[in-house]
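Working notes, structure below.
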Amino acid sequence: MDIPALEIQLKTLPSQPGVYQYFDKEGTILYVGKAKNLKKRVSSYFNKVHENGKTKVLVKKIFRIKHIVVETETDALLLENNLIKKHKPRYNVMLKDDKSYPWICIKNERFPRVFSTRRVFKGGGTYFGPYTNVKTVQTLLDLIKGLYSLRTCNYQLSEEKINAGKFKVCLEYHLGNCKGACEGLETEAEYNENIKAIKQILKGNFKDSLHQFKHQMQEFAKNMQFEEAQRIKEKIEVLENYQAKSTIVNPKISNVDVFTIVSDESYGYINFLQLSYGAIIRSHTLELKKRLDETDKELLELGITELRQRFHSKSKEIYVPFKVDLGDEIKITIPKLGDKKHILDLSLRNAKYFRMERFKQLKIVDPERHANRIMAQMKADLRLPNEPRHIECFDNSNIQGTNPVAACVVFKNGKPSKKDYRHFNIKSVEGPDDYASMEEVVYRRYKRLLNENQPLPQLIIIDGGKGQLSSALKSLETLNLRNRIAIIGIAKRLEELFYPNDPIPLYLDKKSETLKVIQQLRNEAHRFGIEHHRNKRSKKALNTELETINGVGEKTVVDLLKHFKSVKRVANAKLDELEAVVGPSRAEKVYSYYHPE
């Protein structure tokens, strides 16, 4: 099929909701997408200029288009999701395979057993789940076991076999964990009442069970059966304690799904919370790898469909941070305040934590990819022409105008390169003049790099505001480097980032990784500069203390400090101790200096 035939195909597409598939010349499926209007959506790929490189390549490869018209947008979402999982097209968001999640099963039998399983059989029983956390399943089973006496044996407890005395009670009966249904010691009606209550607990409804237990406790207390009443009271406390831990919003919020998303250049992270009676009964975060320049809206729509399918959700209402198109069958709520907004914020926090954990894992497992991501993020956040693979940060240090020094620290690929750190003693500036000092050290640093043909950084950071930044710029202009290296200043108080010739500072998100790297650079430059300043002051103090003694030279000072470790110990030493180190003549001079008559 040639290009004109493709154009004809585009013109004849229907204006109905549906799913479209792109194929290349070999018949390989390239991409699957959904649309409210197939004609508009598919035509947009060929009618506009795409900034994303992968989208451009995709459009060039399209040889044939296939489409499927469906009744509703919901049908389109489900079909798109299924086709992506079936064909795994190269240019689609990558959906990870569904894992085997645990369920809680109430078996379809007389005197039903309650247990966890990873296999679901049609007609095998009533299943609750799937749960994303095995610990949640175990906690629920422990709670149920503590509240209700249920059998754990695998006998077929038919009425005929029980009446015929085929079974005998086991150890569980004697331990009080089972009421002996196998010998007819518990009726099926009594047992099924407990099963009914358990089903409500698994749905997140504790109200009926609490009411039932409180009624039993009052009856036992009324009949003077105080031990039994105490046992029921303990069960009430266990149930109330579990309810308090699991209920995080208004219990009236029930049968609701909550979805939020955070994303970066390569991935989207969609958190899913399922609520029942104010309690979170399920939480899961889905990671989606971007293939094209997908928007958060597109990713969230795909993720919602996948998660609801994966966890068999039938909720009629969902909370989301912005409008999504999921058809008319589902009520979409965008919370703005109150309990609903609280749960939406909690979901977003979960998505951010998941993303943070993935970054930490990535930093360990694949440091190169981690560095690439950080560099791309810094380039975007700081509006730089190139990724700042090589960054240098300058800081001045002086205390009350004494011993002015400066430090330059170097980061490569987002990590300290300590072998490239440099100290500077200020030579041309008299007194505490931070602006002139900054101008001097920036000039000296890059004059030397140019003379030695060393690589220049992509970014210079000046620890200070507009004044220090202007001083550094003077040196770059003198060296003809003004437009070859990006430079910014960071003010300490409000973490303001200043750019040359821009009076309005840039404020980054306090939790952004770009700001954290800049803060790490600034703190490292400060530490390195203070360390050098302290050493210089200490050396000067030592020189003043010992070398001012007449007849005591540098070698004597070194010998004394090697032996006594500090000036204070030299001052407190006895004459014979000093003589043993530097001889009687010099020992006398040092001793007389610290012990004048």
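Just so you know, all these numbers are worked out from the coordinates, no wet-lab data involved. Bear in mind the structure is a predicted one, so any value in this text is a computation, not a measurement. Glycine also receives a Cβ, built like all others from the backbone with ideal geometry; neighbour counts cover every protein chain displayed.
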Go ahead and run the numbers for FRET between Asn37 and Lys555, Cβ-Cβ distance against an R0 of 60 Å, rounding to 0.05. 0.10
On the formula 1/(1 + (r/R0)^6), with r taken between the Cβ atoms of Asn483 and Asp345 and R0 of 35 Å, the FRET efficiency rounded to 0.05 is 0.20
Sticking with the crude label model, points 7 Å out along Cα→Cβ, report the distance from Gln9 to Arg118 in nm, one decimal please. 4.2 nm
Mind listing the phi-derived Karplus ³J(HN,Hα) values for the range 326-336, rounded to whole Hz, using 6.51, -1.76 and 1.60 with θ = phi - 60°, and x for any glycine or proline? 10, x, 8, 6, 10, 7, 9, 10, 10, x, 10
Using +1 at the C-beta of Lys and Arg and -1 at the C-beta of Asp and Glu, which of His526, Gly489, Gln468 has the Cα lying farthest in the positive direction of the dipole of the range 382-534? His526
Could you give the length gained on full extension between Asn82 and Arg448, defined as 0.36 nm per residue of separation minus the Cα-Cα distance, in nm? 125.6 nm
So for the pair Asp328, Ile195, with labels modelled 7 Å out along Cα→Cβ, what separation do we get in nm? 4.1 nm
Report the net charge of residues surrounding Gln200, where surrounding means a beta-carbon distance below 14 angstrom and charges are Lys +1, Arg +1, Asp -1, Glu -1. +2
Give, in nm to one decimal, the length gained when the segment between Val59 and Glu159 is fully stretched (0.36 nm per residue of separation minus the Cα-Cα distance). 29.1 nm
Determine, for the range 382-534, the count of lysine pairs separated by eight or more sequence positions (or lying on different chains) whose alpha-carbon distance falls under 16 Å. 8
Taking every DSSP beta bridge with both residues inside the chain, roughly what % is antiparallel (nearest 5)? 80 percent
Where does the range 3-87 land on Rg(C-alpha)/(2.2 N^0.38 Å)? 1.05
If R0 is 56 Å, what FRET efficiency do you get for Leu575 and Ser266 from their C-beta distance, rounded to 0.05? 0.15
Debye, to nearest 20: dipole size of the range 382-534, +1 on Lys, Arg Cβ, -1 on Asp, Glu Cβ: 420 debye
In terms of the alpha carbon gyration tensor, root eigenvalues a ≥ b ≥ c, rounded if a/c is under 1.5 and otherwise prolate when a/b exceeds b/c or oblate, the range 252-389 is prolate
Report the net charge of residues surrounding Val409, where surrounding means a beta-carbon distance below 15 angstrom and charges are Lys +1, Arg +1, Asp -1, Glu -1. +2
